[in-house]
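This report concerns only the one structure given below.
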Amino acid sequence: MAHSIASLAQRFGPLATTVVGSYPQPEWLIDRERLGARLPPRVRLNDLWRVPAPWLESAQDAATLMALSDQERAGVDIVGDGEVRRESYSNRLANALDGVDIDNPGTAMDRTGKPNAVPRVTGPIRRRAPIDVDAAAFLRARTERPIKVTLPGPFTLAQQAQNDFYKDSESLAMAYADAVREEIVDLFAAGVDIVQLDEPYLQARADEARGYGVAAIDRAVQGVEGVTALHICFGYAHVHQGATKPSGYSFLGELDASAIDIISIEAAQPKLDPGVLADLSHKMVMYGVIDLNDPSVETPAVVAERLRAALKFTTPEQIMVAQDCGMKYLPPDRAFAKLQAMVDGADIVREERGLARRR
């Protein structure tokens with residue numbers, strides 16, 4: 001059963017700031033130019049890493065500390081690892097499961113309409129061992145702030161695979177849900193405060209999502225006791241450069257009846273009508289106030305105004321403050337400046353309303 005908004009606000013505070021997931025990886029760690037020149041990879045692309053395998057984990061540890069330091073210096077309340085150990089938000093977990101032929105990938109259409117190499121499912125999907133638990137424990141040991149870890153969600157995993165085993169996509173999504181739930185349980189045991197499922201394909205393929213999307217998500221969090229979040233978006237600004245994003249979600253209100261605690265939406269770049277918050281009246285909402293398609297850095301005043309617009313339809317206790325997704329593609333200095341503006345803008349609104357910070 002989902003936690004109440006009141007209990008979440010008591011734990012994390014009103015207008016708590018966080019990161020959606022990714023943060024820029026250092027140039028010495030990964031080939032950022034090659035990474036940014038292609039669609040987000042669904043299969044493993046080990047040759048993107050600049051550090052040889054024997055030293056890669058130590059290098060990723062160092063990059064995690066850099067991402068954590070930036071978040072703490074900016075004043076972010078709920079921190080993450082920046083996903084710096086990943087080539088994309090989904091491929092690390094997707095290719096670590098049994099039932100996937102990683103040597104012979106399949107093909108599926110990306111949400112941009114282009115073919116992309118994807119995991120090819122040839123047998124039962126099972127998690128053979130923890131995947132991101134050691135990385136989460138590393139982060140937990142190095143900060144006293146609440147931490148959030150992200151995983152790809154089961155609906156999106158099924159959409160980003162070539163299914164050569166299960167009878168249909170729904171059956172595949174349910175198998176992914178079982179594997180994801182096992183990882184979630186171990187992440188909470190490692191001290192993670194929030195586990196977030198990334199589910200962009202709920203929006204990209206809304207008609208199919210209405211059939212079984214919420215059922216797959218609920219199966220992934222069934223019986224877990226920690227706080228869960230779900231991120232839904234229109235796609236990375238970096239990937240959809242020049243494209244006009246919709247001003248409203250085609251799949252959103254359906255999530256209000258899910259077992260998820262927090263729903264993460266992007267609002268800044270698409271200029272989302274904040275009235276959609278009425279569709280999520282039973283959820284805490286992680287609200288995007290930083291436009292990653294805009295190369296300029298928002299002022300705290302701009303961030304504050306975006307929050308005030310949202311608060312016409314909800315309360316500070318229901319809102320977490322975040323960016324739109326895809327910070328990994330920004331230059332590091334710009335990413336940090338946008339984080340700082342986000343935190344300072346949230347502080348303006350807190351002060352206006354007489355709200356104390358949790359830290």
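Readers should treat all values here as calculations from the given coordinates under stated rules, not as data from a laboratory. Worth saying up front: this structure is predicted, and the values here are computed from it rather than measured. In this analysis, Cβ positions are derived from the backbone assuming ideal geometry, glycine residues included, and neighbour counts consider all displayed protein chains.
Based on other C-beta atoms within 10 Å, arrange H231, H3 from fewest to most.
If I rank by nearby Cβ atoms, fewest first, I get H3, H231.
Taking the dipole about the Cα centre of the chain, with the C-beta of Lys and Arg at +1 and of Asp and Glu at -1, give me whichever of Y212, L45, M320 is farthest to the positive side.
Going by the charge dipole, the pick is M320.
Given the DSSP H assignment, sum -39500 (n - 2.57) over each helix run of at least 4 residues in the chain and divide by its residue total; what's the result at 222 nm in deg cm²/dmol, nearest 500? Don't skip to the end; give the middle numbers.
Working: 11 runs with 125 residues, N = 359.
The per-residue figure over the chain is -10500 deg cm²/dmol.
Cross-chain or 8 or more residues apart, Cα under 22 Å: how many lysine pairs in segment 5-352 fit that? Count them up, please.
14
Given axes a ≥ b ≥ c from the Cα gyration tensor, I'd like to know whether the chain is rounded (a/c under 1.5), prolate (a/b larger than b/c) or oblate.
Rounded is the answer for the chain, as its axis ratio a/c remains below 1.5.
May I ask you to derive the FRET efficiency for A37 and I102 from their Cβ-Cβ distance with R0 = 25 Å, giving the value to the nearest 0.05?
Working: r = 23 Å, r/R0 = 0.92.
Using R0 = 25 Å, I get an efficiency of 0.65.
Would you mind calculating the relative contact order of the chain from Cα pairs under 8 angstrom and at least 6 residues apart, reporting the percent as a whole number? If you can, show how the numbers build up before the last one.
On the way: 722 pairs, mean separation 74.6, N = 359.
Result for the chain is 21 percent.
Where nothing but the Cβ of Lys and Arg (+1) and of Asp and Glu (-1) is charged, how large is the charge dipole of segment 5-352 around its Cα centre, in debye to the nearest 20?
Around 440 debye, computed over segment 5-352.
I'd like the antiparallel share, as a percent to the nearest 5, of DSSP beta bridges with both residues in the chain.
Of all bridge pairs located within the chain, approximately 20 percent are antiparallel.
Obtain the nm distance between the two label points defined at E352 and R334 by a simple spin-label model: each point lies 7 Å from its Cα along the Cα-to-C-beta direction.
Modelled inter-label distance: 2.7 nm.
With a 10 Å radius around each residue's Cβ, average the other Cβ atoms per peptide and rank 175-182, 79-86, 141-148, highest first.
The most tightly packed comes first, giving 79-86, 175-182, 141-148.
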